[in-house]
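Asks: Starting off with a structure, shown below.
The values are calculated or read from the model by the stated rules, or taken from the named source; none is laboratory data. Worth saying up front: this structure is predicted, and the values here are computed from it rather than measured. Quick reminder, even Gly has a Cβ in these numbers, built from the backbone with ideal geometry, and neighbours come from all protein chains shown.
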Protein chains: 2
Amino acid sequence: MTDNFKDYREALLNAVGQGDKTSATVEKLVQNGVENVFFVGCGGSLAVMYPAWYIMQELSDIPSFIFNAGEFNKLTHKKFGKNSLVITASYSGTTPETIEAVNIAKSKGAATIGFTGKMESPLSKAVDNVFVNNAKVGATDANLIMLYQIVFKLMKEMKDYDRYEDIAKCLNTLPDSLVGIKESAEEAAKKFAETYKNEKIFYTLGAGLGWGEAYAFAICILEEMQWLTAQPIHAGEYFHGPFEVVDENANLIILKGEDFSRPLIDRVIDFSKKYTDRLVIIDTKQYPLPGVSEAYRGYFTPFILSAVLDRFANCLADERNHPLSTRRYMGKVEY
Amino acid sequence: MTDNFKDYREALLNAVGQGDKTSATVEKLVQNGVENVFFVGCGGSLAVMYPAWYIMQELSDIPSFIFNAGEFNKLTHKKFGKNSLVITASYSGTTPETIEAVNIAKSKGAATIGFTGKMESPLSKAVDNVFVNNAKVGATDANLIMLYQIVFKLMKEMKDYDRYEDIAKCLNTLPDSLVGIKESAEEAAKKFAETYKNEKIFYTLGAGLGWGEAYAFAICILEEMQWLTAQPIHAGEYFHGPFEVVDENANLIILKGEDFSRPLIDRVIDFSKKYTDRLVIIDTKQYPLPGVSEAYRGYFTPFILSAVLDRFANCLADERNHPLSTRRYMGKVEY
């Protein structure tokens, strides 16, 4: 295990260790009344919310909504009020739109939960319920673990879906499993990086519980961190416009999970392989999760994709000699 | 007025003429009970739903959701049931995912409304309540008029928002106003086409009531109809990834409406103009709508954008010698 993976495992262990705290928080919130949930964030911290939002669409009677924080702040949602719960995240804890969203929520009497990297941050101070991941690496996956704890506990308390304990047990196995997945993805990641290092345009495809990863890999990794054009395309939308740009030069990164969206991804692959060889398919089925039974694997789609894509990102950055931390504007100029 | 605009005006007049029918349909549906609304479609027929969905987020106590039809069919949404209303569209009336969505909805006892181009189509036969636009051109704008009739009437009947009559009066003025806007946008459209005819990558930016247009112009016009790479970027997300790809060669098409999202667009423009001159800004404020009072102009954002972008699309297609009707795959091969 490399040092990097040690830190990663540490971050995930810390997240699974928050189970009692997330649980107590949800019990308190439900006692006060939760009528709806708003997932609010920006960029990668919005993308990480998508799986939780999709799970609630499928399993919960509580309406839930997902919004970019900047838009949330301007929209004045009719159903947002004192019995709403805002769940948000910001690694730096300083994203202005996110802090503003929390302050708007609090001014309306809504409950707030925030995930952030460090205890000393504006987001930590702003939210009622803060969860700190203290992660040097793996902040996103750590947040996703805590998000799942919260959402499954919430659905249990609301009598929507009673498998919180099962899911919590599965989550506890992730620190080891996901390190194993990162290790086993290294070869595919290196091949990807060598093959695609000179390409300038990518299309990432996902749907359902893989959508957040397709979105984040395009806009956060390839665009923000590699300065490459990368369009995230919803697999269900592919055949209604975007597929017309695909020819033998198109580079497609296709994320195939084990949730309800799998048939949509199959359809994208079946079509695309006829017209381009430049397909990179990440199928979560190729990666074992010993602690997760078949019935629940679908929910763990984003964890596997995130672990694998982290290796893809790192190998590509190495091969291109463009460190993932390089920025032109973010944190450097006014915007 | 060119012949093309005559057909367009005809299509819109037909749509405003549906007011009594949309109104009666909504009254009947509300009597039967409407607990939530699902906007469901694919590509351009999904994009046209976004403004109606945003308006309901802002004004209605009824939860509403928007889904790609393929995803809707696989998701099994927990809140979907016999008191749900599905609103969908398909110009051809043959989109398989959309027909399937309607059949799923009906099997669960939900109400269905469908917009389509011709009376004789599978969608017409499948839905309980069909609205035919009979449009040779302007089908999207015609659908949007009927969507607004339905959504504002629904909100009136549900005691959410009482301005249905005002909005209906505004809608009635669109056939003339939008033809005027198309005529006055011609010069800007020609300039756009001449300047950008050789470009291969575009980014379209929008938010709120302009989001659907930003999305559709990218995936339906530039990708589907012109085979150019075009990434739709939500203005609120721009600063959390995508803006790092912007340098002096980046081509940005920025849609600035008059709804709640306007400040988000201003922020995108203020930043981007420092780093590239290749900005195309379509500001709805530049286009008069004599029949629409200042208080309601925000809601009419997508109509103005659609009218202007239609000219942009046509001029670009002419300049590039690539007719908007050219397809590689759609309707030509199996998928």
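Asks: Pairs under 6 Å by beta carbon, first residue surrounded by 16 or more Cβ atoms within 10 Å (Cβ to Cβ) in the stretch A:18-31, partner β-branched (Val, Ile, Thr), six or more apart or different chains?
Replies: Matching pairs, first to second residue: A:22/A:150; A:26/A:150.
Asks: Go through (1) surrounded by fewer than 19 Cβ atoms within 10 Å (Cβ to Cβ); (2) at positive phi for residue A:241 and report which single condition fails.
Replies: (1)
Asks: OK, next. I'd like to check something: does the stretch A:118-137 contain any residue that is modelled with pLDDT under 95, crowded, with 24+ Cβ neighbours inside 10 Å and either in contact with a helix residue (DSSP H, G or I) (Cβ under 6 Å, 6 or more places away or on another chain) or not basic (Lys, Arg) (or both)?
Replies: yes
Asks: Let me ask you something else. Can you confirm whether the stretch A:290-305 contains a residue that is closer than 27 Å to residue B:244 by Cα, of a type in the set (A, V, I, L, M) and within 14 Å of another protein chain (Cβ to nearest Cβ)?
Replies: no
Asks: Within the stretch A:290-308, count every residue that is aliphatic (A, V, I, L, M) and buried (at least 24 other Cβ atoms within 10 Å of the Cβ).
Replies: The initial filter retains those residues of the stretch A:290-308 that are aliphatic (A, V, I, L, M), namely A:292, A:295, A:304-305, A:307-308.
Narrowing further to those that are buried (at least 24 other Cβ atoms within 10 Å of the Cβ): A:304-305, A:307-308.
Number of matching residues: 4.
Asks: Same structure, new question: Pick out, from the stretch B:1-115, the helices (runs of 4 or more DSSP H) lying fully within it that include 1 or more residues that are within 14 Å of another protein chain (Cβ to nearest Cβ). Can you show your working first?
Replies: Values: elements: B:3-16, B:19-32, B:44-47, B:50-59, B:69-75, B:96-107.
Correct list: B:44-47, B:50-59, B:69-75, B:96-107.
Asks: Based on what the data block shows, is residue A:104 in contact (Cβ under 8 Å) with a residue 24 or more places away in the chain, surrounded by 21 or more Cβ atoms within 10 Å (Cβ to Cβ) and either on the phi > 0 side of the Ramachandran plot or outside the structural domain of residue A:311 (by TED's automatic domain parsing) (or both)?
Replies: Values: in contact (Cβ under 8 Å) with a residue 24 or more places away in the chain: yes; surrounded by 21 or more Cβ atoms within 10 Å (Cβ to Cβ): no; either on the phi > 0 side of the Ramachandran plot or outside the structural domain of residue A:311 (by TED's automatic domain parsing) (or both): yes.
So residue A:104 does not fit the description; no.
Asks: Before we move on, is residue A:273 among the charged types (D, E, K, R) and at pLDDT below 95? Spell out how you get there, then give the answer.
Replies: Numbers: among the charged types (D, E, K, R): yes; at pLDDT below 95: no.
In short, no.
Asks: Of the residues A:274, A:285, which is outside any loop (DSSP other than H, G, I, E, B), free of Cβ contacts under 8 Å to residues at least 40 places away in the same chain and assigned by TED's automatic domain parsing to the domain that holds residue A:222?
Replies: Details: A:274 fails: outside any loop (DSSP other than H, G, I, E, B).
Answer to the check: A:285.
Asks: Mind checking which residues of the stretch B:262-289 are in contact with a Phe, Trp or Tyr (Cβ under 7 Å, 6 or more places away or on another chain) and either more than 9 Å from chain A (Cβ to nearest Cβ) or of a type in the set (Val, Ile, Thr) (or both)?
Replies: Filtering the stretch B:262-289 down to residues in contact with a Phe, Trp or Tyr (Cβ under 7 Å, 6 or more places away or on another chain) leaves B:268, B:271, B:280, B:289.
Once the filter is applied, which keeps residues that are in contact with a Phe, Trp or Tyr (Cβ under 7 Å, 6 or more places away or on another chain) and either more than 9 Å from chain A (Cβ to nearest Cβ) or of a type in the set (Val, Ile, Thr) (or both), the stretch B:262-289 yields B:268, B:280, B:289.
Asks: For the stretch B:229-251, give me each residue that is more than 7 Å from chain A (Cβ to nearest Cβ) and over 17 Å from residue B:277 (Cα atoms). So that I can check it myself, show each step before the final result.
Replies: Restricting attention to the stretch B:229-251, the residues satisfying the condition of being more than 7 Å from chain A (Cβ to nearest Cβ) are B:230, B:232-233, B:235, B:238, B:246-251.
Answer for the stretch B:229-251, where residues must be more than 7 Å from chain A (Cβ to nearest Cβ) and over 17 Å from residue B:277 (Cα atoms): B:230, B:232, B:233, B:235, B:238.
Asks: Looking at this structure, is residue B:247 part of a helix (DSSP H, G or I), surrounded by fewer than 21 Cβ atoms within 10 Å (Cβ to Cβ) and in the same structural domain as residue B:298 (by TED's automatic domain parsing)?
Replies: Values: part of a helix (DSSP H, G or I): no; surrounded by fewer than 21 Cβ atoms within 10 Å (Cβ to Cβ): yes; in the same structural domain as residue B:298 (by TED's automatic domain parsing): yes.
It is false that residue B:247 is part of a helix (DSSP H, G or I), surrounded by fewer than 21 Cβ atoms within 10 Å (Cβ to Cβ) and in the same structural domain as residue B:298 (by TED's automatic domain parsing).
Asks: Additional query: Please specify each residue of the stretch B:205-215 satisfying the condition of being more than 8 Å from chain A (Cβ to nearest Cβ) and among the hydrophobic types (A, V, I, L, M, F, W, C).
Replies: The first filter runs over the stretch B:205-215 and keeps only residues more than 8 Å from chain A (Cβ to nearest Cβ), leaving B:205-206, B:209-215.
Passing the criteria: B:205, B:209, B:211, B:214.
Asks: Being among the aliphatic types (A, V, I, L, M), touching a residue at least 60 places away in the same chain (Cβ under 8 Å) and in contact with a strand residue (DSSP E or B) (Cβ under 9 Å, 6 or more places away or on another chain) is true for just one of A:89, A:15. Which residue is that? Full working, then the answer.
Replies: Details: A:89 fails: touching a residue at least 60 places away in the same chain (Cβ under 8 Å).
Just a single option satisfies the conditions, and that option is A:15.
Asks: Quick one: which helices (runs of 4 or more DSSP H) sit completely within the stretch B:120-225 and have at least 2 residues that are closer than 28 Å to residue B:93 by Cβ and touching a strand residue (DSSP E or B) at 6+ places or on another chain (Cβ under 7 Å)?
Replies: Working: elements: B:122-126, B:139-157, B:164-172, B:174-196, B:211-216.
The helices (runs of 4 or more DSSP H) meeting that bar are B:122-126, B:139-157, B:211-216.
Asks: Same structure, new question: So, residue A:259, is that one charged (D, E, K, R), over 21 Å from the mean Cα position of the chain (by Cα) and within 12 Å of chain B (Cβ to nearest Cβ) or not? Full working, then the answer.
Replies: Values: charged (D, E, K, R): yes; over 21 Å from the mean Cα position of the chain (by Cα): no; within 12 Å of chain B (Cβ to nearest Cβ): yes.
Considered against the rule, which asks whether it is charged (D, E, K, R), over 21 Å from the mean Cα position of the chain (by Cα) and within 12 Å of chain B (Cβ to nearest Cβ), residue A:259 comes out as no.
Asks: Mind checking which residues of the stretch A:174-200 are surrounded by 16 or more Cβ atoms within 10 Å (Cβ to Cβ) and β-branched (Val, Ile, Thr)?
Replies: Of everything in the stretch A:174-200, those that are surrounded by 16 or more Cβ atoms within 10 Å (Cβ to Cβ) and β-branched (Val, Ile, Thr) turn out to be A:179, A:181.
Asks: Continuing with the same structure: Select from the stretch B:231-244 the residues that are in a loop (DSSP other than H, G, I, E, B) and in contact with a strand residue (DSSP E or B) (Cβ under 8 Å, 6 or more places away or on another chain) and write down the one among them that is farthest from residue B:288 (Cα to Cα).
Replies: Filtering the stretch B:231-244 down to residues in a loop (DSSP other than H, G, I, E, B) leaves B:235-237, B:241.
Filter once more, so that each one left must be in contact with a strand residue (DSSP E or B) (Cβ under 8 Å, 6 or more places away or on another chain): B:235-237.
Details: B:235: 24, B:236: 27, B:237: 30 Å.
Applying the filter and picking the extreme gives B:237.
Asks: Residues to consider are B:91, B:148; find the one that is among the aromatic types (Phe, Trp, Tyr) and more than 28 Å from residue A:264 (Cβ to Cβ).
Replies: Values: B:91 fails: more than 28 Å from residue A:264 (Cβ to Cβ).
The unique qualifying residue is B:148.
Asks: Could I ask something else about it? For the stretch A:89-128, which residues satisfy the criterion of being small (Gly, Ala, Ser) and over 21 Å from the mean Cα position of the chain (by Cα)?
Replies: A:105, A:107, A:109, A:110, A:111, A:121, A:126
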